[in-house]
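Structure first, then comments.
The values are calculated or read from the model by the stated rules, or taken from the named source; none is laboratory data. Everything numeric here is computed off the predicted structure, so don't read it as measured data. Glycine gets a Cβ as well: all are built from the backbone with ideal geometry, and neighbour counts include every protein chain shown. Just the protein is used for accessible areas: all its heavy atoms, side chains included, with ligands, DNA and RNA removed. Shrake-Rupley method; radii C 1.70, N 1.55, O 1.52, S 1.80 Å.
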Amino acid sequence: MLSSDKFRDECGVVAIYGHPEAEKLAYLGLHALQHRGQESAGIVTSDGLALRPYRDMGLVADIFTEDVLSKMRGRLAIGHTRYSTAGDSSLLNAQPIMVQSNKGIMALAHNGNLVNAQEIRHRLEGRGSIFQTNSDTEVIVHLIALSREQTLPGAMADALRQVEGAFSLVMISPDRIFAARDPRGFRPLALGRIPRLPGETQDTVVCASETCAFDLIGATFERDVEPGELIAVGAEGITSHRYARPAPQSSCIFEHVYFSRPDSMVFGRPVQTSREALGRQLAREAPAEADVVVPVPDSGVTAAVGYAAESGIPFRFGLIRNHYVGRTFIEPRQTVRDFGVKLKLNPVRTLLEGKRVVLIDDSIVRGTTSRKIVRMVRSAGAREVHMRISCPPTVSPCFYGVDTPSKKELIAANNSVAEIREFIGADSLAYLSLEGMKKACADGEKTTYCTACYTGVYPTNWVNVDEVHPAATTGKC
Ligand code: AMP
């Protein structure tokens with residue numbers, strides 16, 4: 001086993017083919033996917049002849065002003081929004097990545113994480129390749145450029161067969177867009193369509209990480225890009241190519257638990273349905289004697305609706321979130337306890353005072369936020385605080401594109417539930433069972449999930465052996 005990359009990107013991608021304002025649709029699509037990454041964003045457009053890129057650090061709406069968009073008019077576009085762990089963020093690593101090679105000019109945007117990128121990079125550097133970024137995504141463009149296949153789709157397929165791990169990709173050449181998913185289907189990627197506009201000869205074809213992006217641009221969801229499928233969209237229409245044999249499907253269950261928006265369809269299933277079912281299942285498995293169900297906004301809201309409906313305990317917004325929190329804030333000299341969390345959340349004393357509260361969140365990672373929130377709810381007068389988490393304990397890092405810290409920082413990797421309860425200061429703490437979570441997300445009905453962050457059992461061999469939970473060495477990989 002080899003080490004995975006230090007990169008664990010959370011990202012959103014979008015692609016547009018055949019629209020007179022493709023740059024604007026890409027921009028709107030990225031805006032709808034902003035929750036998937038807030039560090040940087042980029043769009044590359046094509047007018048059929050040349051590619052026009054623009055990337056910057058920050059939020060989509062701040063980067064893409066009217067002036068910027070007016071200089072990148074195109075009929076084709078791809079876009080990317082990125083969040084990466086601290087220290088990894090720089091404009092150099094922002095996407096899409098654009099390259100010129102003997103296959104022509106192209107650009108690529110990636111959601112997911114390649115687990116054999118370092119190994120490929122060392123091999124290519126040994127042969128003289130010069131890398132410009134330290135992002136795992138760049139190996140794909142090098143492999144495409146170096147491929148002996150003559151056509152661009154052939155070279156793409158060749159490159160994708162060599163990389164391991166999670167990738168939902170969108171790519172653009174001057175006259176085509178492409179979309180591909182890894183053979184296990186770790187991350188989502190949906191295909192949709194906007195009906196032909198007056199004066200146009202074709203429908204507009206769109207791809208996006210989540211279908212919430214389609215709603216904003218008036219597109220209809222058609223189907224998911226299949227695991228192991230490479231789609232090309234050009235003047236000839238949509239062509240589909242199986243570049244790899246199907247592997248056992250392992251779609252990320254955390255997309256349903258936390259990451260995707262509840263108004264999206266992900267892996268063929270509405271996230272709202274899963275998330276509410278997670279809350280209902282949690283209420284059945286871990287009931288609490290309480291007066292109110294309070295979500296940690298926004299991550300716990302939908303599960304809390306399910307918990308309240310199932311338990312019959314009233315749902316109340318006992319914590320209010322300020323949505324306008326930037327990166328850094330000036331703190332008064334007299335330090336405010338839990339300043340960071342207080343900037344974002346404030347308790348509603350009138351709802352909490354004297355109450356037995358069931359606090360619902362989707363996950364406890366390091367435990368530090370939960371500890372501050374429990375303290376905040378108590379200081380607002382709650383009599384009891386019962387913490388309920390709508391997934392099992394997070395015991396292992398993700399190597400497939402979700403930003404989880406290393407094993408030593410994951411509280412559940414090193415502590416029992418009783419010890420975590422003690423640390424966060426709750427009167428009781430319960431997590432959802434693994435089976436309960438899979439059932440709520442309808443495992444086996446349509447989708448088989450990757451649950452490695454809860455089990456330590458990874459679906460690929462290429463993971464950092466130091467990070468793997470002991471269970472992984474006995475489980476199948
Ligand atoms: P903590 O236990 O203090 O590390 O933080 C738990 C909070 O982080 C919960 O409210 C989660 O919704 C949120 N969370 C969990 N996973 C992630 C992630 N990958 N990116 C950002 N926030 C997350």
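Could you tell me whether any residue of the range 431-438 is within 14 Å of the ligand (Cβ to nearest atom) and open to solvent by 40 Å² or more (accessible area, probe 1.4 Å)?
no
Read through the list (1) open to solvent by 60 Å² or more (accessible area, probe 1.4 Å); (2) part of a loop (DSSP other than H, G, I, E, B); (3) within 16 Å of the ligand (Cβ to nearest atom), then give the number of the only condition that LYS342 fails.
With respect to (1) open to solvent by 60 Å² or more (accessible area, probe 1.4 Å); (2) part of a loop (DSSP other than H, G, I, E, B); (3) within 16 Å of the ligand (Cβ to nearest atom), LYS342 is out only on (2).
Quick check on the range 1-47: of everything there that is assigned to a loop (DSSP other than H, G, I, E, B) and at pLDDT 95 or above, which residue is nearest to THR133 (Cα to Cα)?
LEU33
Determine if the range 274-286 includes at least one residue that is under 21 Å from ARG75 (Cα atoms), assigned to a helix (DSSP H, G or I) and touching an Asp or Glu at 6+ places or on another chain (Cβ under 8 Å).
Looking for residues that are under 21 Å from ARG75 (Cα atoms), assigned to a helix (DSSP H, G or I) and touching an Asp or Glu at 6+ places or on another chain (Cβ under 8 Å), one finds none in the range 274-286, hence no.
Restricting to the range 174-204, what's the tally of residues that are open to solvent by 10 Å² or more (accessible area, probe 1.4 Å) and outside any loop (DSSP other than H, G, I, E, B)?
Going through the range 174-204 one residue at a time, the tally reaches 3.
Cβ-Cβ under 7 Å, sequence separation 6+ or interchain: first residue in the range 185-204 and under 18 Å from ALA235 (Cβ atoms), partner of a type in the set (S, T, N, Q) and not in a strand (DSSP E or B). Which pairs?
Close Cβ pairs (under 7 Å, with a partner that is of a type in the set (S, T, N, Q) and not in a strand (DSSP E or B)) amount to ARG196/GLN202.
Looking at the range 118-134, can you tell me whether even one residue there is surrounded by fewer than 24 Cβ atoms within 10 Å (Cβ to Cβ), modelled with pLDDT under 95, within 24 Å of the chain's Cα centre (by Cα) and not in a loop (DSSP other than H, G, I, E, B)?
The answer is yes, given that some residue of the range 118-134 is surrounded by fewer than 24 Cβ atoms within 10 Å (Cβ to Cβ), modelled with pLDDT under 95, within 24 Å of the chain's Cα centre (by Cα) and not in a loop (DSSP other than H, G, I, E, B).
Find all pairs meeting these conditions: Cβ atoms under 8 angstrom apart; at least six residues apart or on different chains; first residue within the range 408-423 and charged (D, E, K, R); second residue more than 14 Å from the ligand (Cβ to nearest atom).
That search, which allows pairs on different chains as well, returns ARG421/SER428.
Name the residues in the range 355-371 that are more than 8 Å from the ligand (Cβ to nearest atom) and crowded, with 19+ Cβ neighbours inside 10 Å, would you?
LYS355, VAL357, VAL358, LEU359, ILE360
Could we say that VAL305 is closer than 30 Å to VAL385 by Cβ, among the hydrophobic types (A, V, I, L, M, F, W, C) and buried (at least 24 other Cβ atoms within 10 Å of the Cβ) here?
no
Working only within the range 393-412, note down all residues that are open to solvent by 10 Å² or more (accessible area, probe 1.4 Å) and more than 12 Å from the ligand (Cβ to nearest atom).
Those that are open to solvent by 10 Å² or more (accessible area, probe 1.4 Å) and more than 12 Å from the ligand (Cβ to nearest atom): VAL395, SER406, LYS407, LYS408.
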